[in-house]
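Laboratory data are not the source of any read-out in this text; all were calculated from the coordinates shown. Only a predicted model underlies this, so the values are computations on that prediction, with no experimental measurement involved. Note that we place each Cβ from the backbone using ideal geometry, even for glycine, and neighbour counts take in every protein chain shown.
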Amino acid sequence: MTTDHTPSSESPNNTSRFLALAFILLAPLIMLGCPSGGNRPASESPSQPSSPPKSTTDFDGERAFEHVRKQVEFGPRPAGSAELEKARNYLIDQLKSYGLKVTTDEFHATTPIGERKMVNVIAELPGESTDAIIISSHYDTKYFKDIKFVGANDGGSSTGALLEIARVMAAKQKPRLTYWFVFFDGEEAFCVDWDECTNPNPADPKNPLPDHTYGSRHMVAQLTEKNQLKQVRAMILLDMVGYKNLQFGRPEELSSRWLIDLVWQTAKELGYGAQFVNSAEGIGDDDHAPFMRAGVEALDIIQLTTYARYWHTKEDTLDKISAKSLKIVGDTVIVSLPKIEERLASKR
Ligand SMILES: [Zn+2]
């Protein structure tokens, strides 16, 4: 998966590193000026600053919302369209501006309406380990012959949230594991229904290929071929995460149980228990499924049942989306990540 390698020229972490260093150097001086510090034995180290615990992250819901608006303004963005190419260039520009190394993986897929060019976009944030966690979204919108489908929630919201997660993560200190922020092309079926059509499978004619999840299936095949799949320790997929009446059920039937438990518990601790509820969310299939089938621990954060009235209709528009919902998802994912790293470390 190479065509567009851009080395990051400057570290986004310099400012925060400088502030941390300044604090370490100045803290003893601050302690000297503190009246209660006078009786402290010289050997005792200064106590931690007593700032209240930060309940949320630097994830900016308004920034994420603007990314969704931009996607919608490009118009319907089915795989292979000029509009999707504009959306892709926007993603790449944003990701590079965060100091991330961006790679594009272009391929040609056979679909029920002919061959289509598709491009997965991958931004890498190197960690202390080369073991990787994927955080992902699809950025194509479903192809319709007769309606103008802009996919504000389905395609747009998760793409906006993922961009903002990438920005926040890139500005923090180097993570324990490497992160791949992956924007899949071709998640949507070209036929109206998900399983309505199939595509020929030259390698195994008796098992035709599905008409959906083109980008994620391609990425799993590439990683398998390069013997890199074992590097991927976990995969989180965001799909339809911006509805103003946000409510995620647990995707029990097709996600790793420990990832569901960990993320739902984190949401509760952040005060987002009303949005991450305990009912089951039924999902048939999605971009995380090819990874799961290949043995990768995965989680799909998706709101399908309670968005069904707008899903795949011309009503999936920007007025259904809220910055607050995007922030709830962004915070929950970002706060969950160190806990996921911890769990993975104990597993190996
Ligand atoms: Zn869809």
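Things to note:
- Listed by chain and number, the aspartates and glutamates whose alpha-carbon sits under 19 Å from that of LYS339, ignoring those within fewer than 8 places in the same chain, are ASP58, GLU128, ASP131, ASP261, GLU269, GLU297, ASP300, ASP331.
- For the residue pairs LYS86/LYS320; LYS172/LYS226; LYS101/LYS324, alpha carbon separations beyond 27 Å are given by LYS172/LYS226; LYS101/LYS324.
- Vicinal HN-Hα couplings computed from phi for segment 173-185 (Karplus, 6.51 cos²θ - 1.76 cosθ + 1.60; Hz; Gly/Pro x): 5, 3, x, 5, 9, 6, 10, 10, 8, 10, 10, 7, 8
- Panel order for HIS288, HIS108, HIS67, by other beta carbons found within 10 Å of each beta carbon, from fewest to most: HIS108, HIS67, HIS288.
- Cβ-placed point charges (K, R +1; D, E -1), dipole of segment 135-293 about Cα centre in debye, nearest 20: 900 debye
- Label-to-label distance, LYS101 versus ARG293, with points set 7 angstrom from Cα along the beta-carbon direction: 3.0 nm.
- The protection proxy used here, the mean number of other Cβ atoms lying within 10 Å of each residue, ranks peptides 299-308, 160-169 as follows, highest first: 160-169, 299-308.
- Anisotropy class of segment 68-162 from Cα gyration tensor, a/c 1.5 cut: prolate
- Going from the fewest other Cβ atoms within 10 Å to the most, the residues SER158, SER336, SER346 appear in the order SER346, SER336, SER158.
- Total formal charge among the other residues, if their Cβ is under 11 angstrom from that of SER336, Lys/Arg +1 and Asp/Glu -1: -3
- Magnitude of the charge dipole for segment 231-348, about its Cα centre and with charges confined to Cβ atoms of Lys, Arg (+1) and Asp, Glu (-1), is about 260 debye.
- Magnitude of the charge dipole, segment 50-346, Cβ model with Lys/Arg +1 and Asp/Glu -1, debye to 20: 720 debye
- Loop trypsin sites (Lys or Arg not before Pro), segment 176-229, which have at most 12 other Cβ atoms in a 10 Å radius of their Cβ (DSSP): LYS206, LYS226
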